[in-house]
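Input: a single structure, listed below in structure tokens.
The values are calculated or read from the model by the stated rules, or taken from the named source; none is laboratory data. This one's a predicted model, so the numbers in the text were calculated from it and none came from an experiment. Here the Cβ positions follow ideal geometry from the backbone for every residue, glycine too, while neighbour counts run over all protein chains shown.
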Amino acid sequence: MLRFLFRNCSIFTFLGIPILAVWNPRLFSIMDIQPNWPIFWLLPWSIINGPINGSLTGLFLGIILDILNNDFYTQIPGFIICGFWFGKVGFKNKKQMINYQYGLLASIGCFICGIIYFVQILLNHLLEEKNFFLFNYGLKIISTQIFLTGLLAPVFCYWLFVLFKYKKRLNF
Amino acid sequence: MIKNRRLSSSRWWNNQKKWFLFIVFILVVFLRLSKSLIVRDIYYFISKPFWPGEFQREILRKSNKKEFNIKIDQLEYDNLRLRKLLSLQRSSKSDSISASVISRNTGSWWKKVILNKGKRSGIEVGDAVVGPGGLLGIVEDISTFTASTRLLTSTESKVGAWVQRSNIHGILSGVGNDGPKLIFYEKDIDIKAGDYVLSSPASTLLPPNLPIGIIESVDKNSKPFTTATVQLTADPQAIDWVQILKLKI
């Protein structure tokens, strides 16, 4: 059983992302704003498996989250860019990361995803009179998400990184 | 004899006879001089629960309440009948379904709540969701067992609303934060902070006259239209149970 769980740990942890996205645990939120959960999974995965694998996983993650949120806007471009970039960084550092580097990378990734999403909202409301009010809202969400994701990433990303790394090393 | 003596010495008023008589005398003098006013005051407090007036007032209050309820029911019935004649949107208490909030996303990009009733309970896309305080949002999509509600604070939310006091209609548009903007398509209008905002009777999306919120501030300098910030009366962050109102056209 344990062997089965360990062999499929990437799938099980991946399934946790949509559950967390729907659940929105209040324990990890500030002003009801959640950290960017998919980044926590995407970052260690891309570091270990490289940019191509990372961007493909980003695409897959984006599709799943878009289906879940059923919104007019998409998260796919943000996750593809992040997956590719995380993979490049992983290759450059030879998959050796310091704990707080996870925080920095996750914060930048969260910023990229947030900005891409916010630009879509702004473009959709470009000709509307309420466009001005949206800046306040967007900046608040992006800055809070960056802070939360950067704060929690060293913990979550490190755990997942160790898990994925050993799984690959033991060739399960 | 000895027994009588013992008895008389055991009574405290026999021991303190002088003082007892003196106090009684003072009391009598006081009552005489005060013309028994204090006695009447004491009687007032003692007899208060048994007054017929108070009892009657309670009966009257209950009767009035019943009368008002009957009147409200009658007016609702008339309203529904007339709206039916005019082919406008309508909803009634019997068309509502209770549901609980199973997921809440009020802070991030997606301002939504997920409810534990779906297609199986007869919920349809576009139904209005009402919580304690007033309107929360509109059902956006449904699955067999759940319904996702777009909150009024969402950037994609737009509903028709009106200010009842001055009979002015506008569009309530979410801007992401807790105070959506009410946009009026007129410039010089009689709107002030504290006015009640209700769902528009002319709206094709919502039941008429559902309480939405209170005007917090008015920006008459905004161009090209006057806008007002609305403080919502129903707080989606705190609400656990909601009512889903079915619409009929």
*Tell me which of these residue B:221 doesn't satisfy, since it passes every other one: (1) closer than 29 Å to residue B:117 by Cβ; (2) surrounded by fewer than 20 Cβ atoms within 10 Å (Cβ to Cβ).*
(1)
*Tell me which of these residue B:206 doesn't satisfy, since it passes every other one: (1) out of contact with any Asp or Glu (no Cβ under 7 Å at 6 or more places or on another chain); (2) surrounded by fewer than 18 Cβ atoms within 10 Å (Cβ to Cβ).*
(2)
*Could you please give the count of residues in the range B:124-145 that are in a loop (DSSP other than H, G, I, E, B) and surrounded by fewer than 21 Cβ atoms within 10 Å (Cβ to Cβ)?*
8
*Would you mention how many residues in the range A:4-26 are away from chain B (no Cβ under 14 Å) and in contact with a Lys or Arg (Cβ under 8 Å, 6 or more places away or on another chain)?*
4
*Which number in (1) away from chain B (no Cβ under 11 Å); (2) part of a helix (DSSP H, G or I); (3) without any contact (Cβ under 8 Å) to a residue 24 or more places away in the chain marks the one condition that residue A:122 misses?*
(1)
*Residue by residue through the range B:95-118, note down the ones that are hydrophobic (A, V, I, L, M, F, W, C) and either within 14 Å of chain A (Cβ to nearest Cβ) or touching a Phe, Trp or Tyr at 6+ places or on another chain (Cβ under 7 Å) (or both).*
B:101, B:102, B:109, B:110, B:113, B:114, B:115
_Members of the range B:146-167 that are surrounded by 21 or more Cβ atoms within 10 Å (Cβ to Cβ) and under 13 Å from residue B:212 (Cα atoms)_ = B:151, B:152, B:153, B:159, B:161, B:162, B:163
*Only listed residue being among the small types (Gly, Ala, Ser), crowded, with 20+ Cβ neighbours inside 10 Å and more than 26 Å from residue B:108 (Cβ to Cβ), chosen from B:170, B:176, B:213*: B:170
*asked:* Against the condition at the interface with another protein chain (Cβ under 10 Å from one of its Cβ atoms), loosely packed, with under 14 Cβ neighbours inside 10 Å and modelled with pLDDT under 90, how does residue A:1 come out, does it pass?
replied: no
*Determine if the range A:75-91 includes at least one residue that is within 14 Å of another protein chain (Cβ to nearest Cβ) and free of Cβ contacts under 8 Å to residues at least 40 places away in the same chain.*
yes
_For the list (1) free of Cβ contacts under 8 Å to residues at least 24 places away in the same chain; (2) under 23 Å from residue B:111 (Cβ atoms), I need the number of the one condition that residue B:223 fails._
(2)
_Name the residue that is nearest to the chain's Cα centre (by Cα), counting only residues in the range B:160-210 that are more than 14 Å from chain A (Cβ to nearest Cβ), small (Gly, Ala, Ser) and assigned to a loop (DSSP other than H, G, I, E, B)._
B:194
